[in-house]
Amino acid sequence: PSTFLKVAAYASAGGTSRYSKAIVSAYDGEITKELISDFAEHPSGGLSVSLGGIRILLGLDSFLEENGIEVPGGAIEGTALHLSVDGVYAGRMVLGEAPKEEATREYFASLNAAGASRIAMISGDRREADRIIASKLGIDEYYAECDESDMTARIAEIKARIDKRGKLALIADSDNTHRLFEAADIGIAVNGIAAHAELPKTAVIVMEDGIGRIPDLIGVSRKVKHYVLAGLLICCFVKLLLMALSAIGYCPIWFGMLLDFAVSLILLLNCTRICAKAKFRKAGA
């Protein structure tokens, strides 16, 4: 098993998917990058690499079968990554998929209470693994085994079905998801501390790696919208009143400008109270 994990870790060293990162993290040895060459990450769900001249393939069963490697069947609970060495099947590892601690039925119920009319899950994981997670979380609509193009197409399909007055928000981590953010109406990137490339593509950045804040953020955004609309109406009313008083000589121009500035400043400061009153689960924003 240790040799199998070592080969898998070397093969995954250049990968960007969470599976590659999980395998490298599980291997506690040092990776000699000089031994790695001809690395390629394939959209069909696998990696190919040369380790000291030996050709290694690591990926889903469909990826290995595309490359002429016969993969044993059988039901597996989790995501199986298969390994071949110089065209010979060498074995598989099964990665379990568990939702984050804050992802519970109660959490998704709070999203519905905050105004989310529909919740859909889209991932590149195996269908059975997604079925189990969706069942645990009470999510009825889920799409599994999707690559990036499939995810973009699914987002477009969901967007076409929603009400014209509604908006489609995509909640995702910031790992190679910029095209998905562009396909949605509102992009919400979690773990924004690593979202350097995605910053221009998203409307909301959550700096921590977690989705627990999203219901609170929806509530804050609605309060901000309410305050802004109320502020605009009040400012317009004050400006019209000052213009009318100035026109008949009851209000000097300097006094009108000062009063207008004071009203605008009061409304702006009032909006800052929203974040102070918001009951975030953790400090920060």
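The values are calculated or read from the model by the stated rules, or taken from the named source; none is laboratory data. Note that the structure is a prediction, hence the values are computed from the model and not measured. Using ideal geometry, Cβ is built from the backbone for each residue, glycine included, and neighbour counts are taken over all protein chains shown. Quick note on the areas: whole protein, heavy atoms, side chains included, nothing else; ligands and nucleic acids left out. Shrake-Rupley method; radii C 1.70, N 1.55, O 1.52, S 1.80 Å.
Observations, loosely collected:
- Test: residue in the stretch 183-193 that is within 30 Å of ILE158 (Cα to Cα), part of a helix (DSSP H, G or I) and modelled with pLDDT of 80 or more: yes
- Residue within the stretch 8-17 that is open to solvent by 50 Å² or more (accessible area, probe 1.4 Å), of a type in the set (A, V, I, L, M, F, W, C) and under 26 Å from ALA144 (Cβ atoms) present: no
- In the stretch 75-90, residue modelled with the lowest pLDDT [restricted to those that are surrounded by 15 or more Cβ atoms within 10 Å (Cβ to Cβ) and of a type outside the set (A, V, I, L, M, F, W, C)]: GLY78
- Taken over the stretch 18-32, the residue count meeting the criterion of being more than 25 Å from the chain's Cα centre (by Cα) and surrounded by 11 or more Cβ atoms within 10 Å (Cβ to Cβ) is 3.
- Test for ILE69: is it open to solvent by less than 40 Å² (accessible area, probe 1.4 Å), of a type in the set (A, V, I, L, M) and over 22 Å from GLU145 (Cα atoms): no
- Residue ID - farthest from ARG126 (Cα to Cα), chosen from residues in the stretch 37-53 that are in a strand (DSSP E or B) and open to solvent by 40 Å² or more (accessible area, probe 1.4 Å): SER37
- For the stretch 111-142, a residue qualifies if it is hydroxyl-bearing (Ser, Thr, Tyr) and open to solvent by 40 Å² or more (accessible area, probe 1.4 Å), and the qualifying residues are SER117, SER135, TYR142.
- Residues being touching a helix residue (DSSP H, G or I) at 6+ places or on another chain (Cβ under 8 Å), within 19 Å of ALA80 (Cα to Cα) and assigned to a helix (DSSP H, G or I) - total across the stretch 22-36: 3
- Taking residues in the stretch 211-223 that are over 16 Å from ASN270 (Cα atoms) and in a loop (DSSP other than H, G, I, E, B), and partners anywhere that are open to solvent by 20 Å² or more (accessible area, probe 1.4 Å) and of a type in the set (Asp, Glu), the pairs with Cβ atoms closer than 7 Å and at least 6 places apart or on different chains are ILE211/GLU102; GLY212/GLU102.
- Test: SER44 is over 17 Å from ASP86 (Cα atoms), touching an Asp or Glu at 6+ places or on another chain (Cβ under 7 Å) and of a type in the set (Ser, Thr, Tyr): yes
- Of all the listed residues (PRO72, PRO43), the sole one being modelled with pLDDT under 85 and either closer than 30 Å to LEU217 by Cβ or over 27 Å from the mean Cα position of the chain (by Cα) (or both) is PRO72.
- Filter pass, ILE234 being among the hydrophobic types (A, V, I, L, M, F, W, C), over 30 Å from TYR107 (Cα atoms) and part of a helix (DSSP H, G or I): yes
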